[in-house]
Structures are given as C-alpha cells and as structure tokens.
Amino acid sequence: MATNTTIDELLNPETLVDRYGERIYRLARRMSNSEADAEDVMQNALIKILRNAASYRGESDPMGWIYRITLNEAREIHRKRKRRPAVSLDNLPVDFDETSHPIGVTDIAHRPERFAMSTEIDDRVRMAIDELPDGYREAVILHDLEGVPYQEAANLLDLTLGGFKTRLHRARMHLRRRLEEFWKSVDESGGTAATDGA
C-alpha cells in the first residue's frame, strides 16, 4: 500500500520532477530515437503520473510504477512514428563452444583502442540498441542500462523471468555481433572505423 507521503510526492509536480524527473527522462531518452521524442514521452508520462497518483496503491518506492508508465508512453509514441520494422530475434542462430561462450564473437573489452575510440563506440552501441525490436531494446535498457533487477524488469514487460532472460540474452547477442562487425571494420581500415552507413 502506498504511503500518503509517496502519493503527495506524485501529486506535486515540482516534487515529482525533482525526485523522479531525471530517471524518467533518462529512460525516455534511451527508449526514443530523438530528444524531441524523449521530451514527448516524459511530458506524457508526467501528466499520466499526476492524473493517476491518487489511485497509486503500490509500494512506498513507486519507480516500478513510474517505469511502466514511461515504457507505455514510449511504446505509444513509437507506434505513432512507425520507425522500426517488426523483426524478431527469436530466430537468430546462437552457437556456443564447450565453455558456453558464443562462437564467432570476440572479446572487445581488452582492446587498447577502446580508450581512444570511446565516443565512437558509444555511438555504435546506441545505434545497435536502437535497431533492436522494441521488447528486446526495452529489456537491455531496463536491466543493463537502468539497473532494474531481472524479476522487476520481467514484470514490467509482462514476461516470465525465464522469458525475460531469454529475450535479454538474444538482445545482447545481437549487440555483440554488431560490435564485432564494427571492430572488423576498424581492423580492416587500420585503426579507424570504416563508414558503413550504419
């Protein structure tokens, strides 16, 4: 049951923005293709939170509830924009060696170039996340970027824990493959990333 203090925070626009605004915007930005979309998501989420705060009946920390509203608003704006084709990663072949490591994916964590190329790597990671289908993108953003625990993230996406972990694993495999392609282009061009239009 929500405390009166929590409901009061959710009903007060200034307190709502001061306490939760940064996290709402961060999630909205990660879920959106542009700052303009993120601002729309945030504005819509804040309005919905204010309208429904009096009926909030969850735990004293309402971040799960706030995340769900923000996710739903991001999905709605995305549906309106129709930017991404409906693709499924469920059919991606994922092969593993005897140590349970993915075959054909190199470890990029220990390359010395990573320091000099960190901005470009960040851009590539963002692009790779952005091209994921919605449910997979949401799994990566919630767990890997926002730090939402597995079970809570699974609940937010209306998945079983096993279903969430499978989706997250497939999304991570896609991201690793995209970064593998990036590193190959760097190696082939002698240290600078080849422009591939991605």
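The values are calculated or read from the model by the stated rules, or taken from the named source; none is laboratory data. It should be emphasised that the depicted structure is a prediction, and the values quoted were computed from it without experimental measurement. In this analysis, Cβ positions are derived from the backbone assuming ideal geometry, glycine residues included, and neighbour counts consider all displayed protein chains.
Are any residues in segment 60-73 over 21 Å from D18 (Cβ atoms) and at pLDDT below 90, and if so, which ones?
none
Would you say S34 is outside the structural domain of L145 (by TED's automatic domain parsing) and over 15 Å from the mean Cα position of the chain (by Cα)?
In short, no.
What number of residues within segment 173-192 satisfy the criterion of being out of contact with any strand residue (DSSP E or B) (no Cβ under 9 Å at 6 or more places or on another chain) and surrounded by fewer than 17 Cβ atoms within 10 Å (Cβ to Cβ)?
Count: 10.
Taking G64 as the residue in question, decide whether it is in a helix (DSSP H, G or I), in contact (Cβ under 8 Å) with a residue 24 or more places away in the chain, under 22 Å from the mean Cα position of the chain (by Cα) and farther than 30 Å from D123 by Cβ.
In short, yes.
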